[in-house]
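Quick note: the coordinates plus some simple rules give every number you see, no bench work behind them. This is a predicted model, so every value here is computed, not measured. Heads up, the Cβs are rebuilt from the backbone with ideal geometry, glycines too, and the neighbour counts pull from every protein chain shown.
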Amino acid sequence: MRAVWYTKAQENTLETRINHHIRASEVRVIGPEGENIGVITLSDALARAQEYGLDLIEISPNAVPPVAKIMEYGKFHYEQEKKRREIKAKSHTTETKSVQVKIGTGDNDMALKAKRAAEWLAEGHRVKVDLFLWGRYKYMEFAFLKDRLERFLAIIPESYKIADEIRMSPKGLSVVIEKDTSKSAQGRSASGGKAPVRSAESQTTHEIQ
């Protein structure tokens, strides 16, 4: 790989000091293969980096002396961004969104709500699905009502798993689903879901009817 040697003005805009922008007179150098070259002067370290056609990157500025690695800055920047994304993903707060359907809800409305549920799942949120019951519907057989709720789950265009099984709730019947991140994840209905999985993450409820 060919290194990109920046001008002084360009280096001033970088978060990490590289090449001639490194201020220390001596640095502990790590080679391109991870080998420990040892403590050498900055000028010698820069010369070695140039021999490899790579950059000298200060990776531990607070060490005494600072630690610098010989590698391509573009690769270093990519690896740092990847780490930031991973940390951000792990710090993501899971919310429990809510979608409500009714017996007799039209196909178009069902499809729109299923699409919205899929979007929430894709964002990493849980989705609580309520089958709202009123009047005589409250007294229908559980198996019939469960089948109605599963019909809605079956049209959600996103792989999911069951977090809390279908059960009676103040509104009627409810189930909580979450994104299935397993490699073998395929879209599945509630009847094919896994056993409930509890989460200790903070939850905020947003409802769509």
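Along the axis of the charge dipole computed for the stretch 8-89 (Cβ charges of +1 for Lys and Arg, -1 for Asp and Glu, origin at the Cα centre), the listed residues A24, A47, H77 are led at the positive end by H77. Quick one: which of K88/K128; K75/K128; K97/K138 span more than 32 angstrom between C-alpha atoms? Cα-Cα > 32 Å for K75/K128; rest within. For the pair D107 and A154, the difference between a 0.36 nm per residue extended length and the Cα-Cα distance amounts to 15.6 nm. Scalar couplings 3J(HN,Hα) for the stretch 55-61, obtained by applying the Karplus form with A = 6.51, B = -1.76, C = 1.60 to θ = phi - 60°, are 9, 9, 10, 7, 9, 9, x Hz; x denotes Gly and Pro.
Computing FRET efficiency as 1/(1 + (r/R0)^6) for Y78 and H21, where r is the C-beta to C-beta distance and R0 is 30 Å, gives about 0.95.
At full extension, W134 and E86 could sit 12.8 nm farther apart than now, given 0.36 nm per residue minus the alpha carbon distance.
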